[in-house]
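A.B. asks: The structure under discussion is supplied below as structure tokens; questions concerning it will follow.
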Amino acid sequence: MAAGTGGLLVAARAALDGVNDPELDEPITDLGFVRSLVEEPEGVLTAHLRLPTSFCSPNFAYLMASDAKDALTALPGVVGVVVVLDDHHDSEVINRGLALDAGYRGTFGHEAEKDLEELREVFRRKAHTAALERALTSLLRERVDLEVADLHRVTLGELPDTEGTRALLRRRAALGLDCAPDRQALVDEEGAPVPRDQVPARLRFARAVRISVDGNAHFCRGLLRTRYPDSAGDQGPRQAGGDPDAPGGHRLFDLSGSGGGHGGESGNRASGTADGNWDGAADNGVVGTASGSAVGAAVRTASHAVGRTTDCTASGTAGRATGDTATEARVS
């Protein structure tokens, strides 16, 4: 993927590691979206990006390409940066806007219905919710004496020192929330603590968001490998907790609110939600794969109302989700 010599290219790769897909909340480098990175003579960097489909949302595509250009431009010693989005239906428009530094509205004109910062805020909140579920589920796994409803009193300082907790702190900071160790961990997007009697419902909602994020990432990685077979070698490992089948993964706890303790771990569970902004998905303890009668699930989120649509195939059955509806493709 990278071509060139010297420390500048190493620094450029590290800078792109900090650019996330706004919906999937994973680095574009780990996802395999960076097709090539080349150091030209006299400090000029050229990066080519690719996406899982030609019709991924132009909003998301522009945001990632623009963030990549900003990250590379900020590096010491860089004289010029060229970022090119390949094989997208709006490649010409986006690449022209990037070359002219026209900005989001300057690139899309009247089609730019929302301000880019509004979109960023939507996905910051979603990323915080997913990170919160990962951290609290890890705590429940370690603390078998802890009841789900008692999570309302858990502070940030009580969470295990893991990458999941550190990710949660980063997401809180991005929202401007207090990250002090004595602050309650389970809060909403405004930083308000969740009351004890609302904890099970809030955690179910957070789980649906996390499953949606992980499911989307699973399918996008697969779609990219199908579209670009050589991209497999460029994809990094999933985030901590992103693979429920791996050690420390996310098998489900009973969050019904009845009974004591965790109520044990629940497998073979299919759950869906349309609460707030997020549509849920199917989970059998493995994102993207369900055993028994459900062989696969095509998962998209309600955020696709801004334009990203994906065709997914689950064991020969095509599932399509568009607009504000998430659809599951299942095989009996």
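The values are calculated or read from the model by the stated rules, or taken from the named source; none is laboratory data. In this text, all values refer to a predicted model and were calculated from it rather than measured experimentally. Using ideal geometry, Cβ is built from the backbone for each residue, glycine included, and neighbour counts are taken over all protein chains shown. Surface accessibility is based on the protein's heavy atoms, side chains included, excluding ligands, DNA and RNA. Shrake-Rupley method; radii C 1.70, N 1.55, O 1.52, S 1.80 Å.
A.B. asks: Quickly run through the range 41-60 and pick out the residues that are out of contact with any strand residue (DSSP E or B) (no Cβ under 6 Å at 6 or more places or on another chain) and free of Cβ contacts under 8 Å to residues at least 40 places away in the same chain.
C.D. replies: Within the range 41-60, 41, 42, 43, 54 qualify.
A.B. asks: Which condition does residue 127 not pass, out of (1) within 30 Å of residue 62 (Cα to Cα); (2) in contact with a helix residue (DSSP H, G or I) (Cβ under 9 Å, 6 or more places away or on another chain); (3) outside any helix (DSSP H, G or I), if it passes all the others?
C.D. replies: Of the numbered conditions (1) within 30 Å of residue 62 (Cα to Cα); (2) in contact with a helix residue (DSSP H, G or I) (Cβ under 9 Å, 6 or more places away or on another chain); (3) outside any helix (DSSP H, G or I), the odd one out for residue 127 is (3).
A.B. asks: Something else about it: Restricting to the range 160-181, count the residues that are assigned to a loop (DSSP other than H, G, I, E, B) and either over 23 Å from the mean Cα position of the chain (by Cα) or closer than 15 Å to residue 137 by Cβ (or both).
C.D. replies: 4
A.B. asks: Which ones in the range 101-124 are within 12 Å of residue 63 (Cα to Cα) and of a type in the set (Lys, Arg)?
C.D. replies: Within the range 101-124, 105, 120 meet the criteria.
A.B. asks: Here's a follow-up. Between 96, 171, which is of a type in the set (Lys, Arg), open to solvent by less than 60 Å² (accessible area, probe 1.4 Å) and either under 25 Å from residue 23 (Cα atoms) or in contact (Cβ under 8 Å) with a residue 40 or more places away in the chain (or both)?
C.D. replies: Step by step, each of 96, 171 is checked, and only 171 is of a type in the set (Lys, Arg), open to solvent by less than 60 Å² (accessible area, probe 1.4 Å) and either under 25 Å from residue 23 (Cα atoms) or in contact (Cβ under 8 Å) with a residue 40 or more places away in the chain (or both).
A.B. asks: I would also like to ask the following. Restrict the check to the range 98-106 and report whether at least one residue is modelled with pLDDT of 95 or more and under 26 Å from residue 214 (Cα atoms).
C.D. replies: No, the range 98-106 contains no residue that is modelled with pLDDT of 95 or more and under 26 Å from residue 214 (Cα atoms).
A.B. asks: Out of (1) assigned to a helix (DSSP H, G or I); (2) of a type outside the set (A, V, I, L, M); (3) open to solvent by less than 40 Å² (accessible area, probe 1.4 Å); (4) more than 18 Å from residue 195 (Cα to Cα), the odd one out for residue 157 is which?
C.D. replies: Residue 157 satisfies all of (1) assigned to a helix (DSSP H, G or I); (2) of a type outside the set (A, V, I, L, M); (3) open to solvent by less than 40 Å² (accessible area, probe 1.4 Å); (4) more than 18 Å from residue 195 (Cα to Cα) except (3).
A.B. asks: Considering only the range 18-63, state which residues are open to solvent by 20 Å² or more (accessible area, probe 1.4 Å), within 18 Å of residue 221 (Cα to Cα) and in a strand (DSSP E or B).
C.D. replies: 20, 27, 35, 36, 48
A.B. asks: Right, another one. Which numbered condition trips up residue 163, out of (1) open to solvent by less than 70 Å² (accessible area, probe 1.4 Å); (2) touching a residue at least 40 places away in the same chain (Cβ under 8 Å); (3) among the charged types (D, E, K, R); (4) out of contact with any Leu (no Cβ under 9 Å at 6 or more places or on another chain)?
C.D. replies: Unmet condition: (1).
A.B. asks: I want to confirm something. Restricting to the range 120-144 and keeping residues that are β-branched (Val, Ile, Thr) and under 16 Å from residue 158 (Cβ atoms), which single residue is nearest to the chain's Cα centre (by Cα)?
C.D. replies: By that ranking, first place goes to 137.
A.B. asks: Counting only residues that are out of contact with any strand residue (DSSP E or B) (no Cβ under 6 Å at 6 or more places or on another chain) and open to solvent by less than 30 Å² (accessible area, probe 1.4 Å), how many does the range 65-74 have?
C.D. replies: Of the residues in that region, 2 qualify.
A.B. asks: Here is a list of conditions, (1) farther than 29 Å from residue 11 by Cα; (2) open to solvent by 30 Å² or more (accessible area, probe 1.4 Å); (3) part of a helix (DSSP H, G or I), and residue 145 meets all of them except one; can you say which number that is?
C.D. replies: Of everything listed in (1) farther than 29 Å from residue 11 by Cα; (2) open to solvent by 30 Å² or more (accessible area, probe 1.4 Å); (3) part of a helix (DSSP H, G or I), residue 145 misses just condition (3).
A.B. asks: Only one of (1) at pLDDT 95 or above; (2) open to solvent by less than 30 Å² (accessible area, probe 1.4 Å); (3) within 28 Å of residue 205 (Cα to Cα) fails for residue 125. Which number is that?
C.D. replies: (2)
A.B. asks: If we keep just the residues of the range 83-92 that are closer than 16 Å to residue 107 by Cα and touching a residue at least 12 places away in the same chain (Cβ under 8 Å), which is most open to solvent (accessible area, probe 1.4 Å)?
C.D. replies: Of everything passing the filter in the range 83-92, 89 is most open to solvent (accessible area, probe 1.4 Å).
A.B. asks: So how many residues does the range 182-213 have that are among the small types (Gly, Ala, Ser) and within 18 Å of the chain's Cα centre (by Cα)?
C.D. replies: Within the range 182-213, residues that are among the small types (Gly, Ala, Ser) and within 18 Å of the chain's Cα centre (by Cα) number 3.
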